[in-house]
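Contents: one structure, followed by commentary.
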Amino acid sequence: MKLDFKSFLPYLLPLLVILIVNFIYFLPQFEGKMVRQGDIVQFEGMAKESKDYYKKTGEPALWTNSMFGGMPTYQISAPNANNLLGYIEKIMNLGMNPPAGDFIFGMIGFYILLLLLGVNPWLSLLGALFFGLSTNNFILFEAGHTSKVRAIMSSAPVIAGVILTFRQKYLLGGVVFGVALGINIYTNHLQMTYYLGLCLGLLVLVYFISAIKNKQLKEYGLSLLSLALFALPALGASASRLWTTYKYSKDTMRSPDTGENRRQSAVIE
């Protein structure tokens, strides 16, 4: 069967538009210019001690005295070199550095999601541009919340994977979901991953109601099984960071136990 290239043009041209828009908008980046981001400046200060130690010894430092009275470097500059999802994210960014690479990834992902939902290619392009160029994304980027931006940009493919899976494309949907979720977790902004999980919970509930109405509980169960299986490697790829964060959280001010102890101490005083 001969493929008609012209039939793909309405879908490929919007991708070209996305690339052109990002190249024009982020032209200063390609000229070697950088935005001075407050959070990044603070990060450089917090991570300097551990980075200097690594340069001197070749060993990663898991503790720094640069913050508070000292703290682990799990969320600052802890190594995560063996997580291959970083290479996949780079491919999704078309090999471009942020911010252009991140925004291209986000727009293409959102464009594909809208196509999956049956939206016209050119309307999907419009939606992708609105999504990527929304004010909040640039506020976050300017402030230096780069991990949050990356988590937002990788959210659409996660949703697309769930939709594909519930359309009984168990393998394709599972792979898309697993890889996209892995990248989302790899960006290391668990707050945004949590919010994405809440949205996915509502989506799964809608599919459950639909499965009951259409008497497709078996297919629904297989879809859930596929999502669960592919979620395991997504979580496993960042297991070291997730586990150390979980353990450390018990000793922070956000821990329920720590917070309760402080409230009791305040009452006693």
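Do you know which residues across the range 233-255 are free of Cβ contacts under 8 Å to residues at least 24 places away in the same chain and either in contact with a helix residue (DSSP H, G or I) (Cβ under 9 Å, 6 or more places away or on another chain) or not hydroxyl-bearing (Ser, Thr, Tyr) (or both)?
236, 239, 243, 247, 250, 251, 252, 253, 254, 255
Just to check your reading of the model, which residue among 86, 161, 95 is buried (at least 17 other Cβ atoms within 10 Å of the Cβ) and either assigned by TED's automatic domain parsing to the domain that holds residue 228 or closer than 30 Å to residue 243 by Cα (or both)? Quick ask: steps written out before the conclusion?
Details: 86 fails: buried (at least 17 other Cβ atoms within 10 Å of the Cβ); 95 fails: buried (at least 17 other Cβ atoms within 10 Å of the Cβ).
Only one candidate passes the filter, namely 161.
Restricting to the range 125-138, name every residue that is among the aromatic types (Phe, Trp, Tyr) and either surrounded by fewer than 20 Cβ atoms within 10 Å (Cβ to Cβ) or at pLDDT below 95 (or both).
First, the residues of the range 125-138 that are among the aromatic types (Phe, Trp, Tyr): 130-131, 138.
Passing the criteria: 130, 138.
What pairs can you find where one residue is in the range 36-62 and acidic (Asp, Glu), the other is part of a helix (DSSP H, G or I), and their Cβ atoms are less than 9 Å apart, with a gap of 6+ or different chains?
Here the result reads 39/143; 39/146; 44/51; 59/53, each pair linking the range 36-62 to a residue that is part of a helix (DSSP H, G or I).
Would you mind finding the one in 106, 32 that is under 28 Å from residue 138 (Cβ atoms) and either among the charged types (D, E, K, R) or outside any helix (DSSP H, G or I) (or both)?
Of 106, 32, the one residue that is under 28 Å from residue 138 (Cβ atoms) and either among the charged types (D, E, K, R) or outside any helix (DSSP H, G or I) (or both) is 32.
Let me spell it out: the conditions are (1) of a type in the set (Gly, Ala, Ser); (2) more than 24 Å from residue 238 (Cβ to Cβ); (3) buried (at least 19 other Cβ atoms within 10 Å of the Cβ), and residue 210 meets all of them except one. Which number is the exception?
Among (1) of a type in the set (Gly, Ala, Ser); (2) more than 24 Å from residue 238 (Cβ to Cβ); (3) buried (at least 19 other Cβ atoms within 10 Å of the Cβ), residue 210 violates only (3).
Being modelled with pLDDT under 80, surrounded by 10 or more Cβ atoms within 10 Å (Cβ to Cβ) and under 30 Å from residue 183 (Cβ atoms) is the filter here; which residues of the range 246-269 pass it?
Of everything in the range 246-269, those that are modelled with pLDDT under 80, surrounded by 10 or more Cβ atoms within 10 Å (Cβ to Cβ) and under 30 Å from residue 183 (Cβ atoms) turn out to be 248, 249, 250, 251, 252, 255.
The values are calculated or read from the model by the stated rules, or taken from the named source; none is laboratory data. It should be emphasised that the depicted structure is a prediction, and the values quoted were computed from it without experimental measurement. A quick note on method: Cβ atoms are made from the backbone with ideal geometry, for glycine too, and the neighbour counts reach across all protein chains shown.
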